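Beneath this line is the structure, given in structure tokens, with notes to follow.
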Amino acid sequence: DIMGYETFCYMLHDQPELVGRMFAKVGELWLALYERVAALPGVAALWLADDIAYGQGLMFSPALMRRHLFPWYRRIGEVAARHGQPLLFHSDGDLRPILEDLIACGIKAIQPVEPKAMDIVELKRTYGGRLCLVGNIDLSYTLTLGTPDDVRAEVRERIRTLGPGGGYCVGSSNTVTNYVPLANFVAMLEATFEYGQYPLS
């Protein structure tokens, strides 16, 4: 947002020190914001939204993230831990190359786990117990083009597959758009409450 993605890519080569200063400035602002929000009464969790990936991979290299981005995530994670609040992370896309980094930063949950980008069953198998998975109800078809029965079936399948042992929260695989039929959205909510009761059936 500050310089545009194309300019940012050029600056990585032409003025890497400027890129470093930009990360530091934004990081300082973020950290101050999270410090204030975490101290507000009634705040039970912190949410960090930062799209750093797309369906086929990361928007820039893990090395650059580890140098300039994750140190700030880690400090925000420390704020969350100090206040006893879980830190949830939103990014679209395929985060698999950096999931261990995100966990090390103190992130407790990822959202929205797009079906086209990551296999949520494999994620549960690999990271269950260390990372809560949020979302994955398909926005590209089920919620937008399917029927309420399609939505109910997908919600039930996700809960049956991912619910045992905890660590899954039902949700859409991205922001619920205004072209999602209201009946489908309601079906997702109702099916979550119907099937999301332990013991799971």
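The values are calculated or read from the model by the stated rules, or taken from the named source; none is laboratory data. Quick caveat, the model's predicted, so the values are computed rather than measured. Surface areas here come from the heavy atoms of the whole protein model, side chains and all, with no ligands, DNA or RNA. Shrake-Rupley method; radii C 1.70, N 1.55, O 1.52, S 1.80 Å.
Straight-line cross-link reach from K116 at under 26 Å between alpha-carbon atoms covers these lysines, not counting any fewer than eight positions away in the same chain: K108, K124.
Could you point to the label whose value was computed as Kirkwood radius over Cα pairs in Å for the structure here, given (i) 20.6; (ii) 18.3; (iii) 19.2? Given (i) 20.6; (ii) 18.3; (iii) 19.2, the calculated one carries the label (ii). Could you tell me the distance between the Cα centroids of region 5-70 and region 162-180, to the nearest Å? Cα centres, region 5-70 to region 162-180: 25 Å.
Residues whose amide H falls under 5 Å from that of G93, counting only those 5 or more places apart or on a different chain, are E114, with hydrogens built in the peptide plane. The gain in end-to-end length when the A183 to F8 segment is fully stretched comes to 58.8 nm, 0.36 nm per residue minus the alpha carbon separation.
Per residue, the accessible area of the chain comes to 54 Å², computed with a 1.4 Å probe over protein heavy atoms only.
Applying 0.36 nm per residue to the separation of A44 and K116 and subtracting their alpha-carbon distance, the gain on full extension is 22.8 nm. Of the residues P86, P115, P16, the one that moves most in a GNM of the chain with alpha-carbon contacts below 10 Å is P16.
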